[in-house]
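Worksheet for the structure shown next.
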Amino acid sequence: MAKVIELRTIADLERLGPKFVRKLLRQWDFAGELRDWAGEASKLGIPWETRHNWNEKRTKYRFHPSSFKHKCDMKLFFQLVGGEEKRKRQPKQALFDTGTAIHLQMNYYMQTMALYYDWQYDEEVELWKGSAAADEYMMCGSADGVFEREITIDGQTYLIRIIIDWKSINSAGFTKLGDTPGSDYSKQMHGYMVSGDIPITFVLFINKDNSVFKNIPLLYTPKIWDPIGTRLKGIIEKANNMEEPIKTVAGHCTSCAFLEECKPKGLRKSMSRGRRSTRREPRL
Ligand code: SF4
């Protein structure tokens, strides 16, 4: 019997080559597996309980990978030095909560499938805890899920470790999806992949209007990670030297949780230049 090939770490990905791994993943209909399992789990009547911490507190004194997309270094600096976050009332909070509920549905599929087939699956994994890479770059954050299983493709069995990220969107967004999840998601997921030394993320999009799934695999690449790592190191150095980084003041400041602590100068001017929305912004 052929030896099982491991694809569990970034070094495994580099050894096998991203081109080969991409080709391999194209032959795996993971979204189809999940769709079929939804029917199977219902037929088998598999029960599952979950304990989800709704509105969990955010970790302080660490960078959040979901913020890597932000242009403002000062925002990341505030995360690192434990700035006072003032969460605003979200006009679209119920929409975010719907997304959370869909995460629970998808986790039900993954948990029960892993149990049935004897795979390893963990949800809400804090990959940064105990990670030397996460400590080096001062990252935190939880991945939606991590699973490890064997899959046989073209007669060869692979043991693969993968991060899962669920994204629920409407039909209009779903029809526009391409072959990559977009650079904002990619940056965030690289934070998790580096923290957990995991080579692959499956970004699984769920169309909220008809429950159709689409999986977009994302591989670790230094091209995306290296500039992020350099940026984080630069902000850490500034914090160690008690220096503030440059503030990127723009319309995004109005929704920044550190706005009150930051008190950026020239905000109104840049907003009037950069804003396209007709929604009224709060008086500053
Ligand atoms: S308020 Fe604006 S300038 Fe200040 S940290 Fe937030 S995004 Fe940066």
Given the Cα-Cα distance of Lys129 and Lys176 and 0.36 nm per residue of separation, how much length would full extension add, in nm? 13.3 nm
In the range 9-87, what chymotrypsin sites (Phe, Trp or Tyr not before Pro) fall in a loop by DSSP, with at most 15 other Cβ atoms inside 10 Å? Trp48, Trp54, Tyr61
Based solely on its DSSP helices, what 222 nm [θ] is calculated for the chain when runs of n ≥ 4 H residues each add -39,500 (n - 2.57) and the sum is averaged over all residues, nearest 500 deg cm²/dmol? -13000 deg cm²/dmol
Cα pairs beyond 25 Å in the range 5-248, in percent, come to 46
Dipole size in debye (nearest 20) for the range 5-248 around its Cα centre, Lys and Arg Cβ +1, Asp and Glu Cβ -1? 1060
Which of the aspartates and glutamates could a cross-linker span from Lys86 if the Cα-Cα distance has to be under 14 Å and same-chain partners fewer than 8 positions apart are dropped? Glu260, Glu261
What dipole magnitude, in Debye to the nearest 20, does the range 127-206 give about its Cα centre under +1 on Lys/Arg Cβ and -1 on Asp/Glu Cβ? 240
Going through Lys57/Lys187; Lys187/Lys265; Lys19/Lys69; Lys3/Lys43 one by one, the pairs whose alpha carbons sit over 24 Å apart turn out to be Lys187/Lys265; Lys19/Lys69; Lys3/Lys43
Could you give me the percent of Cα pairs per 5 Å distance bin for the range 1-123, shortest bin first, beginning at zero and ending with the bin that holds the maximum distance? 2, 7, 11, 13, 13, 15, 15, 13, 8, 2, 1, 0
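Computed from the coordinates by the stated procedures, all read-outs in this text should not be read as laboratory data. The model shown is predicted, which means the values in this text are computed figures rather than measured ones. Here the Cβ is made from the backbone with ideal geometry for all residues, glycine too, and neighbour counts use every protein chain on show.
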